[in-house]
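Let me begin by presenting the structure, written as structure tokens, before commenting on it.
The values are calculated or read from the model by the stated rules, or taken from the named source; none is laboratory data. Here the structure is a predicted model, which means the values were calculated and not measured. Note that we place each Cβ from the backbone using ideal geometry, even for glycine, and neighbour counts take in every protein chain shown. These area figures cover heavy atoms from the full protein model, side chains too; ligands, DNA and RNA do not enter into them. Shrake-Rupley method; radii C 1.70, N 1.55, O 1.52, S 1.80 Å.
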Amino acid sequence: MRRGMFIITVIFSIPMLVLLFSAVFAEDSYANWTAVIGMIVILICPMLSWIGWVETPWPLVLAVDLSVFLHNLGLARFTLYYYETQWWDDLMHIMATIILATVVVIGLMVIERYSNTIRVPRHWYLFFVFIMVMMVGVTWEVFEYMIDQTFATDMQHSLDDTLDDLLSDVAGGLIGGIGAAIYLRGRASEEIIDSLEFKDNAIKIERWFNKKAEIEEQRKERV
Amino acid sequence: MESEVTIALLALLLTATAIVLYHGDLLWTCLGVWGMLVFIVPLIARRSHFSLAKPLIVLLVCVPMVLVASGAFLRIQFDELLNAVLLVIGMLAGFLLSVTTLLCLRAYFQVMMNRPFFVSSTVILYIAAVGIYVVLQYVSDMVFEENVITSLDQLMVGLALMVGGAFFLGFLLGYYLHTTNLDSMQVSILGEVE
């Protein structure tokens with residue numbers, strides 16, 4: 001595991017534990033479960049590194065951990081930022097969509113590196129990032145609505161709140177997509193993907209893509 | 001002859017879109033603009049000749065567009081059943097426009113796709129388009145001080161139906177492509193691409 005990732009994980013795990021205990025003592029089951037899920041999310045990147053799957057770049061780890069921490073901080077009883085600060089929810093949505101946009105860009109670059117049957121030119125990244133972010137945004141709102149209806153929670157506070165969330169998703173998708181386009185200008189995807197150190201998994205991913213392509217070719221011939 | 005048909009259909013779609021835009025129907029305005037873009041893209045993508053307009057697009061976008069525009073122009077109130085039917089046709093038209101948009105990317109912009117990537121991108125694009133429409137409607141409500149989106153339940157039930165419908169239509173598209181292939185589907189919708 002890289003040193004930077006380890007330090008960031010430790011730094012954010014401590015306040016997350018504090019928030020978890022504060023939610024337990026406040027008997028706030030929603031904040032409690034959110035903190036537990038948040039802790040799991042914080043540990044995903046180090047776990048992937050530990051089992052040797054992928055080395056997530058530290059800026060991405062920092063962004064994920066920071067957004068998880070701020071999300072939980074906003075739910076805590078001693079701050080109540082989600083309920084009392086109007087822009088907190090929008091900020092969280094924009095942060096989450098920028099992180100999602102980064103993950104989508106990495107996914108597209110992995111495809112570009114290892115697949116022979118899929119190729120997305122760099123100037124179309126913004127389009128694919130934006131539609132992916134919007135899709136996740138809409139699906140997330142539907143998911144929140146279903147949770148509210150099933151468990152009588154209050155994830156969607158109001159109509160305006162939901163529409164503001166979607167508007168924030170548009171902003172986050174555009175910021176993430178344009179940011180990625182600027183960052184990637186003049187950089188080779190091989191260089192970036194190789195820095196993720198897929199190691200043996202690189203061969204597995206390549207084989208998986210090529211096997212899929214072979215099956216597709218055989219099916220085409222049959223048709 | 002081909003070019004005349006294409007221009008005539010574009011003119012028809014443009015007129016119908018202008019009418020629904022004038023009457024403030026954002027959903028059909030969006031579908032009309034999207035339909036026109038799908039028409040225009042092959043024309044501007046360095047094609048040496050105009051291709052015949054896509055029959056399915058004509059059927060699913062032009063016909064309901066003209067119906068909605070005529071209703072708006074003549075100030076006819078459609079009954080609930082016809083409105084529901086038009087909404088379902090609008091949903092299908094949106095999905096077909098998503099398919100055509102991705103076929104255009106594949107045919108004219110060197111975006112290489114295999115079947116699973118194509119199907120998942122279509123579903124993603126369709127749900128994203130629904131989200132963009134909702135945002136546009138929200139902005140339009142704020143700017144023109146209207147109240148088209150009236151309640152959270154109305155919005156969320158609509159979105160849930162659209163998301164469910166997108167996955168269902170995506171499943172059907174995947175099944176259809178399993179029996180044929182992307183190249184022949186591209187030829188049947190966009191025609192032969194040079």
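When you scan segment A:142-152, do you find a residue that is outside any helix (DSSP H, G or I), away from chain B (no Cβ under 14 Å) and open to solvent by 40 Å² or more (accessible area, probe 1.4 Å), even just one? Yes, some residue in segment A:142-152 is outside any helix (DSSP H, G or I), away from chain B (no Cβ under 14 Å) and open to solvent by 40 Å² or more (accessible area, probe 1.4 Å). Go through the residues of segment A:57-64 one by one and say whether even a single one is outside any helix (DSSP H, G or I), in contact with a helix residue (DSSP H, G or I) (Cβ under 9 Å, 6 or more places away or on another chain) and touching a residue at least 40 places away in the same chain (Cβ under 8 Å). Yes, some residue in segment A:57-64 is outside any helix (DSSP H, G or I), in contact with a helix residue (DSSP H, G or I) (Cβ under 9 Å, 6 or more places away or on another chain) and touching a residue at least 40 places away in the same chain (Cβ under 8 Å). In segment A:90-115, the qualifying residues are those that are among the polar types (S, T, N, Q) and under 11 Å from the mean Cα position of the chain (by Cα), and the one that is most open to solvent (accessible area, probe 1.4 Å) is A:Thr102.
Under the condition of being within 7 Å of chain B (Cβ to nearest Cβ) and either open to solvent by less than 20 Å² (accessible area, probe 1.4 Å) or free of Cβ contacts under 8 Å to residues at least 60 places away in the same chain (or both), the residues counted in segment A:116-129 number 5.
When A:Met47, A:Met39 are checked against the criterion of being modelled with pLDDT of 85 or more, surrounded by fewer than 20 Cβ atoms within 10 Å (Cβ to Cβ) and more than 29 Å from A:Ile203 (Cβ to Cβ), A:Met39 stands alone in meeting it. Taken across segment A:98-117, residues that are over 30 Å from A:Glu216 (Cα atoms) and in contact with a helix residue (DSSP H, G or I) (Cβ under 9 Å, 6 or more places away or on another chain) do occur, with at least one present. Counted as qualifying within segment B:100-194 are the helices (runs of 4 or more DSSP H) with 2 or more residues that are touching an Asp or Glu at 6+ places or on another chain (Cβ under 9 Å) and facing chain A (nearest Cβ under 7 Å), namely B:115-143, B:152-179. Check whether at least one residue in segment A:32-41 is over 16 Å from A:Ala76 (Cβ atoms) and assigned to a helix (DSSP H, G or I), and report yes or no. Checked segment A:32-41: at least one residue is over 16 Å from A:Ala76 (Cβ atoms) and assigned to a helix (DSSP H, G or I). Going by the conditions given, is B:Met142 surrounded by fewer than 19 Cβ atoms within 10 Å (Cβ to Cβ) and not β-branched (Val, Ile, Thr)? Considered against the rule, which asks whether it is surrounded by fewer than 19 Cβ atoms within 10 Å (Cβ to Cβ) and not β-branched (Val, Ile, Thr), B:Met142 comes out as yes. Within segment A:153-198, the residues that satisfy the criterion of being charged (D, E, K, R), in contact with a helix residue (DSSP H, G or I) (Cβ under 8 Å, 6 or more places away or on another chain) and part of a helix (DSSP H, G or I) are A:Asp161, A:Asp164, A:Asp165, A:Asp169, A:Glu190. For segment B:125-138, state whether one or more residues are surrounded by fewer than 20 Cβ atoms within 10 Å (Cβ to Cβ) and closer than 30 Å to A:Lys212 by Cα. Looking through segment B:125-138, none of the residues is surrounded by fewer than 20 Cβ atoms within 10 Å (Cβ to Cβ) and closer than 30 Å to A:Lys212 by Cα. From the list A:Thr102, A:Thr117, A:Thr97, the lone residue that is closer than 30 Å to A:Ser29 by Cβ and either β-branched (Val, Ile, Thr) or assigned to a loop (DSSP other than H, G, I, E, B) (or both) is A:Thr97. Filtered by the rule that a residue be within 14 Å of chain B (Cβ to nearest Cβ) and either charged (D, E, K, R) or more than 24 Å from A:Leu80 (Cα to Cα) (or both), segment A:153-175 gives A:Asp154, A:Asp160, A:Asp161, A:Asp164, A:Asp165, A:Asp169, A:Val170, A:Ala171, A:Gly173, A:Leu174.
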